[in-house]
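Engineer: Dropping a structure here in C-alpha cells format, bear with me for questions.
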Amino acid sequence: MSEQHIHPEPTSFWRKYVFSVDHKVIAQQFIWLGLSFLLIGGMMAMMIRWQLANPGQPFPVIGRFLLPATHGVVSPMMYTALFTNHGTIMIFFAVTPIMIGGFGNYCIPLGIGARDMVFPTLNMLSFWAMVVATVILVASFFVPMGGAAAGWTAYPTLSTQMGTPGGGQTLLVLSLFIAGSSSIMGAVNYITTVIRLRAPGMTYMKMPLTVWGLWLTAVLNALFVPVLASGLILLFFDRTFGTKFFITGAMIKGGGDPLLFQHLFWIFGHPEVYILIMPVWGVISDVLPFFARKPAYGYKVTVYALIAVCVLSAVVYGHHMYTTSMSPLLGESFMVLTMIISVPAMVLFLNWLRTIWRGSIRTTVPMLFALGVVFVFGLGGLTGLYLADIPQDLYLHDTYFVVGHFHLTMAAAVFLGSFCSIYFWFPKIWGRMFNERLGKLHFWCSIIPITLVFCGMLLIGYSGMQRRLYNLESYEYAKRLLPMNQFVSVMAFTLFLGQVFFVSNFVYSVFRGRKASENPWELGTLEWQISSPPPHHNFDVIPTVIHGPHEFNNPEVLKKLGKDWLGQAEVIPGAEAVHEPAEIAQAGE
Amino acid sequence: MASVVSLQPRAKEDFTSYLGMMITLGAWGVMFAGLFFIYAGVRLAAPTWPPPGVPKLPVLVPTLATLVLAASSVTAQRALTSIRTAKRDQMRTWLGATIFLGALFLGIQYTIWSSVHDGGLTMDSGTYGSVFFTLTYFHAVHVAAGVLALVVLLVRASRYTVHQHGAVRHCTMFWHFVGLVWLATFVTVFLI
C-alpha cells in the first residue's frame, strides 16, 4: 500500500475554493453544479408539461421574457429544443455531476479509508472539463439557428446538417464530448483509487456498498463513454467536414447508414442508464441497513448482482432498436438477455426488502427517501419487462409508456436517491444538521407527485400517446388524452414547487444549521468516525479495518459497549486478535 | 538484499500510475474501437468495397510508414530502459530519435494524403473517403500529440531520475498505443 503523506492545506483563495485538488471540495463543486442544472432541466420540463396541458397558451409569468418572439408561447421548434435539452441536461449535467462527480468523489476516499483520490490534479481537471462542457452547452442556445433539437438521442438524419442545420447541434455534440471526457477522467481516478488505496484490512467484501456501486459505475463509465465519444466524433465530422457516415446512401452517392449511429449510441446508451442508477443502488444498499439497524441481507449476493448487471448491460442494447427491422433472431436474443438482466436487479430489490424486514426502522429523512427509491424503482423496473418483450414493445415503442418507464427507474429513483444522499451526507459534508421537519415535508411533496406523474405517463402511453408530440389536439386519437395529460402536468408543477422545501432547508442549513457531531446517524463506516466536516487530510491515522460496514446489534458489542453499532476499525475490548496479521497484510494489497 | 527491500515501496507507487495509465489507454482504445466498428458497418453494408470510382490506395508508402512507426516504438522503449538504468544522456538520444521518426511518419502521412487527394478522394466523397480520412486524420492527431509530449519530455529531461520517471513511462506507453492503433488502421484500411 502506498504511503499517504499528509500534505499541507492550501492557503490561497484560488487553490482552496476554485482550483482545489481536495476531493471533498471538488465533490461540493460538482454537487452545486449538478443542482443548478437540475433546476434548469426541471424548468424545461415544466415548459414541456405546460405546452402539453395548455396547447398554445403562453407560459405564465416568465414566458414572455424567455420566449419574447412568440409572446411566451412555446413554438414547435422551441418544444423540440426543450425536450432535447431537458434530457441532455438531466442526464449529463444534473445526475452525473451530483451522484458520480459529487458523491463519487466524496464517498470513495472516505469510505475506503484514504486521504484523497490517487490522481488529485486529474480530479480537478475532471470538474473543470465539466464546467467547460456546460458553458458550451449554454452557448448552443444562443446561436443563430437555435440550440440542439434532435432529441437527446441525436439520431441522424435529423441530427445531421440536413436535419438540424446551424451551430447549435454541433456545439451540443462538442459539449457532450467534453462532458464524456470529464466522466472518463473521473472513472480512471475512481477505479484506481479503490484498487490501490483501500485501508489495511479493507477487503473488497468489507467495502461499503456505496463504494461498490460507485466503483462499478466508474468501470462502466471507462468502458462505454468512449463509445459515445466515437459516435459523437463521427457525427461532428458529418456536420462539420462533410463526411458521409450517417447520411444514407439512398440520398447521396456513396452514403452511409444512419442506423449505425443508433448502434454506437445505444452500445453506450444502455450501460449509461446503469451508470446513472448504480450509484443510487449502492447508496440505498447501505442506507437501508443503516436505518434498519441490521446488516444488509445478502451483501455478497448484492455485490455479485451489481457485477452481473454491469456485464450484461453490454449485451442488451438492442432493445432500444426493436423497431429498426433487425433480424428476428437478433431481436429475440436481445429480448432474452434483457429479461435476464432483470434478474440481478430483482435480486437487489429483494435483498433490500429482506434487509428492512423486521428491522428496527429509524424513519429519518434519508431513510424515507431510500424507501421511496425502493418503491419507484420497483414500479419502474416491472414496466421494463413490458418493454423487453418484443410484441409489446412494437406497440409501446416511442409512446409515453417508455417515458414513464425510464423516468420511474432513472429519474424518479435517481432524483429521490440523490436527495437521500444529500440528506444523508449533509452533516458530514457541511458539518451541520438540516431541518428534519422540512426534510420530511420535502419527501412527501416529492414522492406523491413524482409517482403520480410517471404512473400517469404509463397510462397515457399504454393508451397510445406518442412521445415528443407538440400538440395533442392535432391528433384524433390523442385528443381524448388531454385531461389525463393535464392531470400529469398539475402533478409535475406540484413536484417542482415542492422542491422549495428542499432549497430553503438546504441553503439555510448549509450556513446556519445546528452544528453536527461526528456521527449523528450512529454508524460504523469510516467517514463517520472522524469530525464533521472532516479535516483536510481526512484521517489523522489511516485506520486498520476489522469489521464490515454493517455491524449492527452485535450481542457482544451491545453487552460490552452498550451501543448497537460498531466502527469498522473499532476493536471490541477484550476480544482476542480475531484476524491473523497475515490476513490483514494480504487483504491490504 | 538491502536494495531489494528499498525498492519495494517505490514499486508500489509506480504500479498505481501504471494502472491509471492502462485504464486510460483502455478507454481510449474503446473509442478507437468505436470508429473501427463504424468502418466495419459501412464496409459490410456497401455492395462493393472499394466503391466504384475511387482511386486505389497506395500500399508501399504506408508500409514504409508502418516500419517507421514500429522503429519509433523501439526507440521509445530504449529511451525508457535508458532512464531506468540511470543513463539520462542515452534517454535524450533515444527520445530525439523517436521524435524524428514520429515527425517522419507525419511527413509520410502528408504525402499519402496529397497523393490520394490528387487521385480525387476527399473527405466528403462518400463513405470510402469519410472512413479513410477520419481514421488517418484522427490517428495522426494522436501521433502529433505524442510527438509534442516527447518533445516536452526531452526539454525536461534533466528532472527524470531512476526513481522518478513516471512521465517517461507514460509517454512511452502512449506511444506504443498509438503504434498499435496505426497497425489496426494500416491492416484494415490499406491492406485488406
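The values are calculated or read from the model by the stated rules, or taken from the named source; none is laboratory data. Owing to the predicted nature of the structure, the values given are computational and were not obtained by experimental measurement. Neighbour counts are summed over all protein chains in view; Cβ atoms, including those assigned to glycine, are modelled from backbone coordinates with ideal geometry.
Engineer: If I filter region A:246-268 for residues that are β-branched (Val, Ile, Thr) and away from chain B (no Cβ under 14 Å), do I get at least one hit? Spell out how you get there, then give the answer.
Structural biologist: The initial filter retains those residues of region A:246-268 that are β-branched (Val, Ile, Thr), namely A:247-248, A:252, A:267.
Checking which are away from chain B (no Cβ under 14 Å) leaves us with none.
The answer is no; no qualifying residue exists.
Engineer: If you go through region A:64-77 one residue at a time, do you hit one that is under 25 Å from A:Val503 (Cα atoms), more than 14 Å from every other protein chain (Cβ to nearest Cβ) and either modelled with pLDDT under 95 or outside any helix (DSSP H, G or I) (or both)?
Structural biologist: Yes, the conditions are met somewhere in region A:64-77.
Engineer: Pick from A:Leu441, A:Leu497, A:Leu452, A:Leu458: which is at negative phi, part of a helix (DSSP H, G or I), in contact with a Gly (Cβ under 7 Å, 6 or more places away or on another chain) and aliphatic (A, V, I, L, M)?
Structural biologist: Residue meeting the stated conditions: A:Leu458.
Engineer: May I pose another question? Looking at A:Ala199, A:Ala229, A:Ala222, can you tell me which residue is of a type in the set (Gly, Ala, Ser) and over 30 Å from A:His550 (Cα atoms)?
Structural biologist: When all the criteria are applied, what remains is A:Ala229.
Engineer: Looking at region A:19-43 only, could you name the residues that are of a type in the set (Ser, Thr, Tyr) and touching a helix residue (DSSP H, G or I) at 6+ places or on another chain (Cβ under 8 Å)?
Structural biologist: First, the residues of region A:19-43 that are of a type in the set (Ser, Thr, Tyr): A:20, A:36.
A:Ser20 - this is the single residue of region A:19-43 that is of a type in the set (Ser, Thr, Tyr) and touching a helix residue (DSSP H, G or I) at 6+ places or on another chain (Cβ under 8 Å).
Engineer: When only residues in region A:167-223 that are in contact with a Pro (Cβ under 6 Å, 6 or more places away or on another chain) and over 24 Å from A:Asp540 (Cβ atoms) count, which is farthest from the other protein chains (Cβ to nearest Cβ)?
Structural biologist: Ranking the qualifying residues of region A:167-223, first place goes to A:Gly213.
Engineer: For region A:35-74, what are the residues that are on the phi > 0 side of the Ramachandran plot and surrounded by fewer than 17 Cβ atoms within 10 Å (Cβ to Cβ)?
Structural biologist: First pass over region A:35-74, keeping only residues on the phi > 0 side of the Ramachandran plot: A:56, A:61, A:71-72.
Within region A:35-74, A:Gly56, A:Val61, A:His71 qualify.
Engineer: Take A:Ala139 and tell me if it is over 24 Å from the mean Cα position of the chain (by Cα), away from chain B (no Cβ under 14 Å) and under 30 Å from A:Asp540 (Cα atoms).
Structural biologist: no
Engineer: Another one. Scan region B:146-161 for residues that are more than 13 Å from B:Met91 (Cβ to Cβ) and touching a Cys at 6+ places or on another chain (Cβ under 8 Å) and jot them down.
Structural biologist: The answer is B:Gly146, B:Ala149.
Engineer: Need the failing condition index for B:Thr136 against (1) assigned to a helix (DSSP H, G or I); (2) in contact with a Leu (Cβ under 9 Å, 6 or more places away or on another chain); (3) crowded, with 20+ Cβ neighbours inside 10 Å; (4) not charged (D, E, K, R), just the number.
Structural biologist: Condition (2) is where B:Thr136 drops out.
Yes or no, residue by residue, for (1) of a type in the set (S, T, N, Q); (2) at pLDDT 95 or above:
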{"position": "A:Phe142", "(1), (2)": "no, no"}
{"position": "A:Met145", "(1), (2)": "no, no"}
{"position": "A:Ala150", "(1), (2)": "no, no"}
{"position": "A:Ala154", "(1), (2)": "no, no"}
{"position": "A:Asn189", "(1), (2)": "yes, yes"}
{"position": "A:Thr193", "(1), (2)": "yes, yes"}
{"position": "A:Ala222", "(1), (2)": "no, yes"}
{"position": "A:Pro226", "(1), (2)": "no, yes"}
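Engineer: Does region A:344-362 hold any residues that are exposed (fewer than 14 other Cβ atoms within 10 Å of the Cβ) and touching a helix residue (DSSP H, G or I) at 6+ places or on another chain (Cβ under 8 Å), and which are they?
Structural biologist: Correct list: A:Leu353, A:Ser360, A:Arg362.
Engineer: A further question on this structure: Look at B:Met31 and say whether it is at the interface with chain A (Cβ under 8 Å from one of its Cβ atoms), at pLDDT 95 or above and part of a helix (DSSP H, G or I). I'd like the intermediate steps shown before the answer.
Structural biologist: Values: at the interface with chain A (Cβ under 8 Å from one of its Cβ atoms): yes; at pLDDT 95 or above: yes; part of a helix (DSSP H, G or I): yes.
It is true that B:Met31 is at the interface with chain A (Cβ under 8 Å from one of its Cβ atoms), at pLDDT 95 or above and part of a helix (DSSP H, G or I).
Engineer: Follow-up question, since we're still on this one. Would a scan of region B:40-61 turn up a residue that is outside any loop (DSSP other than H, G, I, E, B), away from chain A (no Cβ under 14 Å) and either in contact (Cβ under 8 Å) with a residue 40 or more places away in the chain or farther than 30 Å from B:Leu154 by Cβ (or both)? Let's see the steps before the verdict.
Structural biologist: Step one: of region B:40-61, the residues outside any loop (DSSP other than H, G, I, E, B) are B:40-45, B:60-61.
Right, trim to away from chain A (no Cβ under 14 Å) and you get B:60-61.
Filter once more, so that each one left must be either in contact (Cβ under 8 Å) with a residue 40 or more places away in the chain or farther than 30 Å from B:Leu154 by Cβ (or both): B:60-61.
Taking every residue of region B:40-61 in turn, at least one turns out to be outside any loop (DSSP other than H, G, I, E, B), away from chain A (no Cβ under 14 Å) and either in contact (Cβ under 8 Å) with a residue 40 or more places away in the chain or farther than 30 Å from B:Leu154 by Cβ (or both).
Engineer: Any idea how many residues of region B:93-133 are surrounded by fewer than 20 Cβ atoms within 10 Å (Cβ to Cβ), free of Cβ contacts under 8 Å to residues at least 40 places away in the same chain and not polar (S, T, N, Q)?
Structural biologist: Result for region B:93-133: 10.
Engineer: Among the residues of region A:517-539, count how many are farther than 24 Å from A:Thr203 by Cα and either surrounded by 21 or more Cβ atoms within 10 Å (Cβ to Cβ) or of a type in the set (Asp, Glu) (or both).
Structural biologist: 2
Engineer: Name the one entry in B:Trp175, B:Trp182 that is part of a helix (DSSP H, G or I), closer than 30 Å to B:Leu44 by Cβ and under 19 Å from the mean Cα position of the chain (by Cα).
Structural biologist: Only one candidate qualifies: B:Trp182.
Engineer: I would also like to ask the following. Please find, among B:Val143, B:Val147, B:Val131, the residue that is assigned to a helix (DSSP H, G or I), within 12 Å of chain A (Cβ to nearest Cβ), of a type in the set (A, V, I, L, M, F, W, C) and under 25 Å from B:Val187 (Cβ atoms).
Structural biologist: On the way: B:Val143 fails: within 12 Å of chain A (Cβ to nearest Cβ); B:Val147 fails: within 12 Å of chain A (Cβ to nearest Cβ).
Going through B:Val143, B:Val147, B:Val131 in turn, the sole match is B:Val131.
Engineer: While we're here: Please give the number of the condition A:Phe241 fails out of (1) without any contact (Cβ under 8 Å) to a residue 24 or more places away in the chain; (2) of a type outside the set (A, V, I, L, M); (3) in contact with a His (Cβ under 6 Å, 6 or more places away or on another chain).
Structural biologist: Failed condition: (3).
Engineer: From B:Gly120, B:Gly146, grab the single residue that is under 21 Å from B:Met21 (Cβ atoms) and of a type outside the set (A, V, I, L, M, F, W, C). Spell out how you get there, then give the answer.
Structural biologist: On the way: B:Gly120 fails: under 21 Å from B:Met21 (Cβ atoms).
Selected residue: B:Gly146, the only one of B:Gly120, B:Gly146 that is under 21 Å from B:Met21 (Cβ atoms) and of a type outside the set (A, V, I, L, M, F, W, C).
Engineer: Collect the residues in region B:134-192 that are hydroxyl-bearing (Ser, Thr, Tyr) and more than 17 Å from A:Ser230 (Cβ to Cβ), keeping them in residue-number order. Please lay out each step first, then the result.
Structural biologist: Initial filter on region B:134-192 (hydroxyl-bearing (Ser, Thr, Tyr)): B:134, B:136-137, B:158, B:160-161, B:172, B:185, B:188.
Those that are hydroxyl-bearing (Ser, Thr, Tyr) and more than 17 Å from A:Ser230 (Cβ to Cβ): B:Ser158, B:Tyr160, B:Thr161, B:Thr172.
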